[in-house]
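K.L.:
Following this message is one structure expressed as structure tokens.
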Amino acid sequence: MRKTRTRQHIIEDLGYNFTERFILKAGFTVQRFDRGDYGYDGIVHTFNASGEIESFSILFQLKSTDGIKWVESRAGFGLDNSVRDLELWLGGVLPVLVILYDAVLEKAYFIDLQEYFHEHPALLQYIRKFVRIHFLPENQFGTDSILKIREKYFQPK
């Protein structure tokens, strides 16, 4: 039997395409990590207004699905993440975005992990294998999102 391209393969590629488009529109580049799952799906390299590369990057993890789960009690979308991934993401020096892409609605939402756990430190106290994070509907991913993250963390000299 031949290898098959599954729906999950398709929506993962759609999620990358969606995400990459907004990063490129911001004037930045994206390097996709295709081999293995080591906690990150890609890295964004930023550039200044003159087109010069900056000494700053943004890591991201992309989760793609055919239907994101609305959590009424949190008025947002829930996503479970492994403790191993969180330890990696929160232990680094670069900002990490988790991007949740809905292939049916063709929308994505994001969380700045460092900011999220700074605002919700109690979530890290009693974790076992997974931690559920919640994406707010107003945090739609787009060109302005990636530009704001750059502004927030990068201070050009």
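K.L.:
Looking at (1) under 14 Å from the mean Cα position of the chain (by Cα); (2) crowded, with 21+ Cβ neighbours inside 10 Å; (3) closer than 17 Å to D13 by Cα, can you tell me which one K107 breaks?
P.N.:
(2)
Rundown of residues vs (1) more than 24 Å from T143 (Cα to Cα); (2) in contact with a Cys (Cβ under 9 Å, 6 or more places away or on another chain); (3) not polar (S, T, N, Q), yes/no style:
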{"residue": "Q61", "(1), (2), (3)": "no, no, no"}
{"residue": "G76", "(1), (2), (3)": "no, no, yes"}
{"residue": "N81", "(1), (2), (3)": "yes, no, no"}
{"residue": "D85", "(1), (2), (3)": "yes, no, yes"}
{"residue": "Q114", "(1), (2), (3)": "no, no, no"}
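K.L.:
Restricting the search to the range 1-32, which residues are free of Cβ contacts under 8 Å to residues at least 40 places away in the same chain and among the charged types (D, E, K, R)?
P.N.:
R2, K3, R5, D13, E20, R21, R32
K.L.:
Now, a different point. Hey, F141 hits all of (1) in contact with a strand residue (DSSP E or B) (Cβ under 7 Å, 6 or more places away or on another chain); (2) aromatic (F, W, Y); (3) at pLDDT below 95 but one; which does it fall short on?
P.N.:
Tallying (1) in contact with a strand residue (DSSP E or B) (Cβ under 7 Å, 6 or more places away or on another chain); (2) aromatic (F, W, Y); (3) at pLDDT below 95, F141 fails exactly one: (3).
K.L.:
State the number of residues belonging to the range 29-40 that are at pLDDT 95 or above and touching a Leu at 6+ places or on another chain (Cβ under 9 Å).
P.N.:
Summing the residues that are at pLDDT 95 or above and touching a Leu at 6+ places or on another chain (Cβ under 9 Å) in the range 29-40 gives 1.
K.L.:
Inside the range 1-27, can you point out the residues that are in a loop (DSSP other than H, G, I, E, B) and either open to solvent by less than 40 Å² (accessible area, probe 1.4 Å) or in contact with a His (Cβ under 9 Å, 6 or more places away or on another chain) (or both)? Spell out the reasoning first.
P.N.:
Filtering the range 1-27 for residues in a loop (DSSP other than H, G, I, E, B) gives 1-6, 26-27.
Scanning the range 1-27 gives a single hit, A26.
K.L.:
I'd like the residue in the range 46-86 that is surrounded by 15 or more Cβ atoms within 10 Å (Cβ to Cβ), touching an Asp or Glu at 6+ places or on another chain (Cβ under 8 Å) and not polar (S, T, N, Q) and, out of all such residues, is nearest to R132 (Cα to Cα). Walk me through how you get there before you give the answer.
P.N.:
To start, the set of residues in the range 46-86 that are surrounded by 15 or more Cβ atoms within 10 Å (Cβ to Cβ) comprises 46-47, 56-65, 68, 76-79, 81, 85-86.
Subsequent filtering for residues that are touching an Asp or Glu at 6+ places or on another chain (Cβ under 8 Å) retains 46-47, 60-62, 64-65, 68.
When the remaining residues are screened for being not polar (S, T, N, Q), the result is 47, 60, 62, 68.
Numbers: F47: 33, F60: 17, L62: 15, I68: 13 Å.
Of everything passing the filter in the range 46-86, I68 is nearest to R132 (Cα to Cα).
K.L.:
I need every pair where a residue in the range 132-153 that is within 13 Å of Y116 (Cβ to Cβ) has its Cβ under 7 Å from the Cβ of a residue that is open to solvent by 50 Å² or more (accessible area, probe 1.4 Å), sequence separation at least 6 or different chains.
P.N.:
Here the result reads R132/D80; H134/R74, each pair linking the range 132-153 to a residue that is open to solvent by 50 Å² or more (accessible area, probe 1.4 Å).
The values are calculated or read from the model by the stated rules, or taken from the named source; none is laboratory data. Small disclaimer: the values here were computed from a predicted structure and weren't measured. All Cβ positions, glycine included, derive from the backbone under ideal geometry; neighbour counts span all protein chains shown. For accessibility, only protein heavy atoms count, side chains too; no ligands or nucleic acids. Shrake-Rupley method; radii C 1.70, N 1.55, O 1.52, S 1.80 Å.
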